[in-house]
1. From the phi of every residue in the stretch 141-156, what ³J(HN,Hα) in whole Hz does the Karplus formula 6.51 cos²θ - 1.76 cosθ + 1.60 yield, where θ is phi - 60° and glycine or proline is x?
2. Place a label point 7 angstrom from the Cα of residue 359 along the Cα-to-Cβ direction, then list the residues of the stretch 1-32 whose backbone nitrogen is under 12 Å away.
3. Using a 1.4 Å probe, how large is the accessible area of residue 435, given in Å² and rounded to the nearest 10?
4. Quick one: 3J(HN,Hα) in Hz for the stretch 4-9, Karplus 6.51/-1.76/1.60 with θ = phi - 60°, rounded, Gly and Pro as x.
5. Computed on alpha carbon atoms, what radius of gyration and Dmax characterise the stretch 293-485, expressed in Å?
6. Counting only residues 5 or more places away or on other chains, whose amide H sits under 5 Å from the amide H of residue 235 once H atoms are built in the peptide plane?
7. What order do 231, 368 take when sorted by accessible area (1.4 Å probe), most exposed first?
8. Given the peptides 384-390, 98-104, 409-415, arrange them by the average over their residues of other C-beta atoms within 10 Å, most packed first.
Amino acid sequence: MFMDERIVTLFKRNAHHTLTYWSVFFSFGLCIAFLGPTILDLQCQTNSTLSQITWVFFAQQFCLLIGSSVGGVFKLFSALAALFVSALVISVIFAIIPLCNNVLLLAIAMAVSGLAMGVIDTIANIQLVTIYQKDSAVFLQALHFFIGFGALVSPLIADPFLSETGCGNHTGNGTEMMHHFRNMLRNSPIAEHNITHSEGGGGEEESIVHYAFWIMALINLPVPIAVLFLMYREQLIPCCPSGTPRLLDKDELAMENQQGADGPDVEQKEHEAGGHGDIFSCCQNDNLRGLPVSFFMIHILGGMVLFMTDGIVGAYAGFVYTYAVTPPMSLPHKTAGYLASIFWAAITAGRLVSIPLSYRFQPVRLLMFNLAGAIVTVLMLLIFYTSSIFLYVGTCLCGLFLSSIFPCMLAYTEDILDYQGCATSVLVTSAGMGEMVMQVLVGSIIQTEGSYSFLLCGMIIACIGFILFIGLLLFHRMHRNYLTGTVSTSTFKHCC
């Protein structure tokens, strides 16, 4: 069989939870990708400059990082409630964006959506890891596929409603800057077509982009309804008790005899573990006292690897267009516009392909293969830096290799720590921080040193990430030896 019967049975038992968490990640992807294609229309709507509208992106990313940091504090009831509120907030934000007539209101709206996205990011990852534990790699790959799926759907919805002529007030250098900015962020070659028309036409056109936001709000609306229905099924809504038994109750009835013998030990372990908390509560946990250095280094190194790899994702998606249109590549703008689309499509396809691969192979093997593949790909891009054909091939390979690193790292570190640590919150926060920081860092270097430094930065970051991963493997061995020694000592004392 393609899939182990035990995995299939486990999925069937938790299908409602799993499908709900996958759906909220579709909301995440839908929300993260719409700003790029609509940037020109939003600038016209808010009557703002390019430098002002960039703060909208910063507000969303910064608050996403905050939401990711605190999202792990929610337990089962509050986690589902937080997911419901966050998914509903995203629909509300989509609906009110057309009413934001200045850049400050738009930035506040995007900051709120960023908080909701961060909460969704951490909670969905933690809940799936908690449900499936050692089998979570397959389901995490599917979870992150839905981000890419939502990110692909969002521009497709927006495109028919985008203005062809913009505000009619972008000329000279300002037009060229917006020309680059929109193509860089949109991840779609259609942006070039629209902006070219904008440069040619002098008259103003009434924007109808608000229809796109309202359509996205309606498309996203079933997601909070699905979360609310899950809460109803789990009897977590006090005023609406459900007549069907909770899934947790069924499991408890099925495992009653087994838990009767092991109950005290399990409860003690759960108490000692403290559960998955937010990144701040993890640092304040009294149970961290007496833990080995390897425990902390696994968190730090795992987070640093994702800081680097997610940083590459953000930097490559943001600046591959800049690299392609400048010497020595000097591709036509419309041709270069396809690169970011290919990159995100490759990431989405890679996450889909990784679902069966994560079942067949251990996460550590996939991580080694993907990190090595990313380094080799960027090295080949550096060698063939004048080949436009290989730029497209390399972009596709980069997306494929980078696509599954995050869910594999999450499954790997949680498995090392026996699902008792705060790895999920640390990794999600580190990944978000890396994506935000590396975009700023690489963009500054490109501006001062030239476009060739784009690939050089990618190579250096990838190599640092691989070195950190080797360090993670070494500390994994140290931690395993520590656990083996602890078990041996406990067994000896018990025998005596």
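The values are calculated or read from the model by the stated rules, or taken from the named source; none is laboratory data. On a predicted model such as this, the values are computed, not experimentally measured, just so you know. FYI the Cβ positions are ideal-geometry reconstructions off the backbone, even for glycines, and counts take in every protein chain you see. All accessible areas refer to the heavy atoms of the entire protein, side chains included, with ligands and DNA or RNA removed. Shrake-Rupley method; radii C 1.70, N 1.55, O 1.52, S 1.80 Å.
1. 4, 5, 4, 6, 4, 5, 5, x, 5, x, 5, 7, 6, 4, x, 5
2. Residues 1-12 qualify, since their backbone N sits under 12 Å from the label point.
3. 40 Å²
4. After applying 6.51 cos²θ - 1.76 cosθ + 1.60, I find 4, 4, 5, 5, 4, 4 Hz.
5. Just the Cα atoms of the stretch 293-485 yield Rg and Dmax of 17.2, 62 Å.
6. 242
7. 368, 231
8. 409-415, 98-104, 384-390
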